[in-house]
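Undergrad: Starting off with a structure, shown below.
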Amino acid sequence: MSEKERKIHTPTDEEEAEIQRHIAEDPDTWELTEEDWVRARPAIEVDPELVEWSLRRRGKQKAPTKEKVTMRLDADIVAHFRESGKGWQTRLNDALRQVISS
């Protein structure tokens with residue numbers, strides 16, 4: 001999805017009221033007390049390995065094996081591959097490779 005296609009949905013007053021009602025009814029949700037905030041600790045103190053892992057980013061490929069391209073395809077073709085789930089771009093690449101190999 002491109003930046004232009006991204007939309008932020010702002011709930012209507014009715015939707016917001018419904019969301020807040022569900023939050024209030026959820027037994028696992030509660031207002032934090034002053035005592036809770038006093039006991040709170042930064043995540044880095046609680047689980048530094050998890051914080052380090054969550055901040056890690058993949059770097060550039062040392063020797064890129066694929067080329068990034070922008071192209072237009074028919075919507076039904078893209079939908080077909082996307083519907084197959086994660087890895088759809090690899091499957092599309094494999095299908096194109098089959099065409100040039102035959």
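Undergrad: Within the range 59-86, work out how many residues are under 16 Å from Leu96 (Cβ atoms) and assigned to a loop (DSSP other than H, G, I, E, B).
TA: 11
Undergrad: Now a separate question. Could you give every pair whose Cβ atoms fall below 7 Å, whose first residue belongs to the range 81-98 and is under 15 Å from Met71 (Cβ atoms) and charged (D, E, K, R), and whose second residue is surrounded by fewer than 10 Cβ atoms within 10 Å (Cβ to Cβ) and modelled with pLDDT under 95, counting only separations of at least 6 or pairs across chains?
TA: Going by the 7 Å Cβ cut-off, there are no qualifying pairs.
Undergrad: Would you be able to tell me the number of residues in the range 16-58 that are part of a helix (DSSP H, G or I) and closer than 28 Å to Arg82 by Cβ?
TA: Narrowing the range 16-58 to residues part of a helix (DSSP H, G or I): 16-25, 34-39, 43-46, 48-55.
Restricting the remaining residues to those that are closer than 28 Å to Arg82 by Cβ gives 54.
Of the residues in that region, 1 qualify.
Undergrad: Scan the range 23-48 for residues that are of a type outside the set (A, V, I, L, M, F, W, C) and either more than 30 Å from Pro11 (Cβ to Cβ) or surrounded by 10 or more Cβ atoms within 10 Å (Cβ to Cβ) (or both) and report the count. Give the derivation first.
TA: Of all residues in the range 23-48, those of a type outside the set (A, V, I, L, M, F, W, C) come to 25-29, 31, 33-36, 39, 41-42, 45, 47-48.
Filter again for either more than 30 Å from Pro11 (Cβ to Cβ) or surrounded by 10 or more Cβ atoms within 10 Å (Cβ to Cβ) (or both), leaving 35-36, 39, 41-42, 45, 47-48.
Residues in the range 23-48 being of a type outside the set (A, V, I, L, M, F, W, C) and either more than 30 Å from Pro11 (Cβ to Cβ) or surrounded by 10 or more Cβ atoms within 10 Å (Cβ to Cβ) (or both): 8 in total.
Undergrad: State which residue pairs qualify: first residue without any contact (Cβ under 8 Å) to a residue 24 or more places away in the chain and aliphatic (A, V, I, L, M) and inside the range 7-31, second residue surrounded by 10 or more Cβ atoms within 10 Å (Cβ to Cβ) and part of a loop (DSSP other than H, G, I, E, B) in any location, beta carbons under 8 Å apart, and separation of 6 or more residues or different chains.
TA: Once the first residue is without any contact (Cβ under 8 Å) to a residue 24 or more places away in the chain and aliphatic (A, V, I, L, M) and sits in the range 7-31, its partners that are surrounded by 10 or more Cβ atoms within 10 Å (Cβ to Cβ) and part of a loop (DSSP other than H, G, I, E, B) give Ile19/Pro11.
The values are calculated or read from the model by the stated rules, or taken from the named source; none is laboratory data. Every value quoted in this text rests on a predicted model; they were computed, and no experiment measured them. Methodologically, a virtual Cβ is constructed for each residue, glycine included, from the backbone with ideal geometry; neighbour enumeration extends over all protein chains shown.
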